[in-house]
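Structure first, then comments.
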Amino acid sequence: MGSLADEEDTDVEIYRRYADPTVYADSRTNADEKLLQLLDLLGFERKSPMPMYTWHELPQGLREREDLCATRAWVVLANLGYTVNLDPELHCPHTERIVRSALAPKPSAPSQSNEHTTVPATPAAGHARSL
């Protein structure tokens, strides 16, 4: 059994299945523990029914906060260099602006190098899932 992230060749896919209220974060099969812990810290609950297959779900009952949590996870993970697709229906532009602002490099002295990772401008268009 492979994950949606394996199928899409990404590190994480954040989506909601058709007619299912649950928000999933599907990581690659055998994803490294650092990525799994990041998803834990970003509010997703880890599910591991089999040794090599793990995915995460947002807790039930978040309602209007689901978009906030999904968007925050997308921006943070992408900022750390992971390839992440976010279902456009879960995208919250306001949350994206706030998180990007918080992650933006702070001005530094002219002599210091200030490299940073580019985060995608918007969720992958047309990547909404109907599973």
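The values are calculated or read from the model by the stated rules, or taken from the named source; none is laboratory data. Everything quoted here is computed from the prediction, not taken from an experiment. Here the Cβ is made from the backbone with ideal geometry for all residues, glycine too, and neighbour counts use every protein chain on show. Keep in mind that these areas ignore ligands, DNA and RNA; they rest on the heavy atoms of the full protein, side chains included. Shrake-Rupley method; radii C 1.70, N 1.55, O 1.52, S 1.80 Å.
Residues in the range 102-125 that are open to solvent by less than 90 Å² (accessible area, probe 1.4 Å) and modelled with pLDDT of 60 or more: A102, L103, A104, P105, S108, A109, P123. Whether any residue in the range 92-101 is in a loop (DSSP other than H, G, I, E, B) and surrounded by fewer than 18 Cβ atoms within 10 Å (Cβ to Cβ) is what I want to check. No. Within the range 40-91, which residues are touching a residue at least 60 places away in the same chain (Cβ under 8 Å), out of contact with any Leu (no Cβ under 6 Å at 6 or more places or on another chain) and surrounded by 14 or more Cβ atoms within 10 Å (Cβ to Cβ)? Selection gives L77, Y82, T83, N85, L86, D87, L90. I want to confirm something. Restricting to the range 1-17 and keeping residues that are acidic (D, E) and assigned to a helix (DSSP H, G or I), which single residue is least open to solvent (accessible area, probe 1.4 Å)? Out of the qualifying residues, it is D6.
Okay, residues lined up against (1) part of a strand (DSSP E or B); (2) at pLDDT below 95; (3) of a type in the set (K, R):
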{"site": "G43", "(1), (2), (3)": "no, yes, no"}
{"site": "P49", "(1), (2), (3)": "yes, yes, no"}
{"site": "G61", "(1), (2), (3)": "no, yes, no"}
{"site": "L68", "(1), (2), (3)": "no, yes, no"}
{"site": "V76", "(1), (2), (3)": "no, no, no"}
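Go through the range 18-39 and give me each residue that's among the polar types (S, T, N, Q) and crowded, with 18+ Cβ neighbours inside 10 Å. Residue satisfying the conditions is S27 alone. All of R65, R28, R16 fail the test of being of a type in the set (K, R) and out of contact with any Asp or Glu (no Cβ under 8 Å at 6 or more places or on another chain), apart from R65.
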